[in-house]
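After the structure tokens below, expect a handful of questions from me.
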Amino acid sequence: MKATGIVRRIDDLGRIVIPKEIRKTLKIREGDPLEIFTDREGMVVLKKYSPVGGFGTAVTQYAQSLAESLGCTVCITDNDTVIAVAGAGKKQMEENYVTEQLREVISERKQVFAEEESKEFCKITVEDPQFCEEVITPVISDGDAVGAIVFLNREEEQKFGKAELKIARATARFLGCQLT
């Protein structure tokens, strides 16, 4: 663990202020849920909570199954990071932060079906490999937009259609239901 040199006191209500620099670095915004861990030595660890990230290897296996069945790259994200990715470009995208543009798509609960030249085309991570087409569907759980299912296509001659849109929508609904 890395020491920051910052010391804060707990107030009479048991609250502590997380410094702005740390919130900015870790992309923690007002209202974000934090998970609290303790260990036997008395250490308290705060971690940004991700309901989608709680699936562990199951979500990775699900992404892999979809990628193999559809012949495309599949990403499953929460509101901040790529939780699971399978298919072409996996190494560049895995565990990276998502772009502000994708965060907006998720928060606005928009389904995107776009080609690269379209103004609706959304980069998923800053280090995105080259894709020519995408389907993005937000994952909604208990009324909250908690992430997205993303299908990415590199094959110019193999275009996405209504089937990919429906599968993305069904996958997002399934994951949303599992989180409740």
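The values are calculated or read from the model by the stated rules, or taken from the named source; none is laboratory data. Predicted, not measured: the structure shown is a model, and the values here were computed from it. Ideal geometry is used to build each Cβ from the backbone, glycine not excepted, and the neighbour counts take in all protein chains shown.
What residue, of Q101, Q64, Q111, Q92, is polar (S, T, N, Q) and modelled with pLDDT under 90?
Q92
Restricted to region 139-156, and to residues that are farther than 16 Å from Q101 by Cα and small (G, A, S), which residue is surrounded by the fewest Cβ atoms within 10 Å (Cβ to Cβ)?
G143
From D39, D12, which residue is farther than 20 Å from L152 by Cα and at pLDDT 90 or above?
Values: D39 fails: at pLDDT 90 or above.
After applying the criteria, what remains is D12.
Sticking with this structure for a sec: Taking only pairs six or more apart or across chains, which ones have beta-carbon atoms under 7 Å, a first residue in region 89-108 that is touching a residue at least 60 places away in the same chain (Cβ under 8 Å), and a second residue that is loosely packed, with under 15 Cβ neighbours inside 10 Å?
Pairs that qualify, where the first residue is touching a residue at least 60 places away in the same chain (Cβ under 8 Å) and the partner is loosely packed, with under 15 Cβ neighbours inside 10 Å, are Y97/K27.
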